[in-house]
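Below: the structure, in structure tokens.
Every read-out reported here was derived from the displayed coordinates using simple, explicitly stated rules and does not represent laboratory data. Just so we're clear, the structure is a prediction, and the values are computed from it rather than from any experiment. Please note: Cβ atoms are built from the backbone with ideal geometry, for glycine as well, and neighbour counts cover all protein chains shown.
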Amino acid sequence: MGLAVGAGAAGLAIGGGAGIAGGVALGRARERRTADAVASGDGIHQPGITTPVQDHLHFAAFDMMARTTRDDVASLLQDWTYAANRMMQGLEVSATGAVGGSPEAPPDDTGEALGLPASNLTITFGFGPSLFDERFGLAAQRPAGLERLPAFLGDDLDPERSDGDLCIQACADDPQVAVHAIRNLSRIAFGRARIRWSQLGFGRTSKTTSDQATPRNLFGFKDGTANILADDAAALDENVWVSASEGPAWLAGGSYLVARRIAMLIETWDRVRLSEQDRIVGRDKARGAPLSGGDEFTAPDFAATDGSGTPRIDARSHVRLAHPDQNGGIRILRRGYNFVDGNTDLGRLNAGLFFLSFQRSPDRYITVQRALATDAMAEYIRHVGSGLWAVPPAPAAGQSIGAGLLGA
């Protein structure tokens with residue numbers, strides 16, 4: 001499902017979502033334009049949630065500039081909507097683009113994606129808790145659960161790599177296409193919003209369709225085996241989508257996005273014996289099967305014991321503590337990515353997991369994360385960045401993202 005997902009110049013909607021459609025003022029003339037819907041469909045959900053997970057990510061959190069107004073927020077979202085719709089079709093952000101305008105004026109498009117296909121680009125927008133403070137008159141429409149995430153045991157958060165008024169998740173099979181999307185949306189925001197922090201990701205750590213192979217994270221284990229899949233409508237309704245009765249009308253059909261930047265102590269992990277790695281995770285590293293037996297997709301049996309009566313899956317293993325059976329049946333839809341951001345001052349890889357999840361309410365994520373307080377894996381990871389955003393549904397044709405909130 002989704003607003004629109006480009007697949008080459010033709011532009012296809014994955015799962016039958018409607019295209020982003022709205023007006024935008026771009027370029028020196030600031031001409032008002034209207035985008036046509038890319039495809040028809042149910043028009044409920046943004047792309048980049050149940051869309052087949054792409055290979056690369058560029059994620060950015062934005063803050064509105066000082067002295068901006070509610071009208072500035074609305075106009076920015078209109079401009080972003082139009083540009084995103086074009087880029088997801090493999091088009092430049094405006095008709096004049098990178099080279100078709102006046103040679104005496106800055107181009108409308110930065111040009112580094114010229115000649116490249118859309119590469120299944122999806123662009124997903126979210127609204128942070130801080131957008132609903134006193135600046136823009138939106139406090140009355142803030143969902144009750146949209147608060148900064150609470151502190152969790154073991155957090156070592158960098159405030160400069162956490163939170164944000166707005167967020168954009170750009171995913172594509174070509175990293176340059178994803179970077180091009182964020183670069184141009186940031187350029188369009190000039191004078192109204194600025195990037196607070198951003199993150200590049202590679203090597204998806206989840207899957208959202210049954211025909212995708214389960215990927216591996218930087219610890220070498222298969223990740224996302226039990227993720228919610230796009231064709232499981234019942235699970236999505238139960239766990240991911242906000243219902244009309246759960247919050248303000250503008251969020252019905254949307255979701256909540258959690259982002260956590262998790263540093264992985266790679267060099268320490270690499271010195272752990274294989275059997276201990278398996279015990280910590282609760283799965284066999286080679287096949288991804290639970291240590292209670294079976295194959296990768298066999299349900300873990302937490303009551304299974306070995307000949308000495310010891311549980312085959314350790315009580316502090318990651319698989320056990322995160323499993324729905326231990327958390328009231330809660331499931332979340334994961335779309336995380338690996339990252340390597342150079343090295344630390346100690347000469348170690350600055351690497352880890354950029355965890356992304358979508359859930360029906362923030363409480364669902366909070367419950368699972370608190371359950372991981374005694375996770376044996378905690379010795380090898382550090383949560384260093386964090387954020388929560390409400391992800392509105394797809395706009396109707398002719399409207400911009402967040403139209404239900406801002407009336408734009």
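Grab the other residues whose beta carbon is less than 10 angstrom from that of T268, score K and R as +1, D and E as -1, and report the net.
Result for the local shell: -1.
Grab the DSSP H runs of the chain that are 4 residues or longer, score each as -39,500 (n - 2.57), total them, divide by all residues and round the 222 nm result to the nearest 500 deg cm²/dmol.
-5000 deg cm²/dmol
Give me the dipole magnitude in Debye, nearest 20, for the chain about the Cα centre, with unit charges on the beta carbon: positive for Lys and Arg, negative for Asp and Glu.
340
Which order do peptides 99-108, 301-310 fall in by mean Cβ count within 10 Å, highest first?
99-108, 301-310
Identify the GluC sites (Glu not before Pro) of region 132-183 meeting these criteria: DSSP loop state and at most 10 other C-beta atoms within 10 Å of the C-beta.
E134
How would you classify region 341-408 from its alpha-carbon gyration tensor, with a ≥ b ≥ c the square roots of the eigenvalues: rounded for a/c under 1.5, else prolate if a/b is greater than b/c, otherwise oblate?
oblate
Under 1.5 on a/c is rounded, so check that first for region 188-264, then, if it is not, pick prolate when a/b is larger than b/c and oblate when it is not; a ≥ b ≥ c are the square roots of the alpha carbon gyration tensor eigenvalues.
Oblate shape, in that a/c is at least 1.5 and b/c is the bigger or equal ratio.
Tell me, rounded to the nearest percent, the portion of alpha carbon pairs in region 262-382 spaced more than 26 Å apart.
26
Grab the other residues whose beta carbon is less than 12 angstrom from that of G201, score K and R as +1, D and E as -1, and report the net.
Residues near G201 contribute +1 overall.
How do 87-94, 46-53, 233-240 rank on mean C-beta neighbours within 10 Å, highest first?
46-53, 87-94, 233-240
Report the per residue volume, in Å³, of the convex hull enclosing the C-alpha atoms of region 103-190.
Spelled out: Cα convex hull of region 103-190, divided by residues, is 165 Å³.
E112: net charge of surrounding residues, Cβ under 14 Å, Lys/Arg +1, Asp/Glu -1, itself excluded?
Summing Lys/Arg as +1 and Asp/Glu as -1 gives -2.
Would you mind putting 221-228, 291-298 in packing order, based on average other-beta-carbon counts within 10 Å, highest first?
Going by the mean number of other Cβ atoms within 10 Å, highest first, we get 221-228, 291-298.
Can you classify region 72-140 as rounded, prolate or oblate using the Cα gyration tensor, where a ≥ b ≥ c are the square roots of its eigenvalues, rounded means a/c under 1.5, and otherwise it's prolate if a/b beats b/c and oblate if not?
Oblate shape, in that a/c is at least 1.5 and b/c is the bigger or equal ratio.
Once the Cα atoms of region 171-224 are picked out, what are the Rg and Dmax in Å?
When restricted to the Cα atoms of region 171-224, Rg and Dmax are 15.1, 44 Å.
How far, in nm, would the chain grow between E379 and S308 when pulled straight, counting 0.36 nm per residue and subtracting the alpha carbon separation?
22.9 nm
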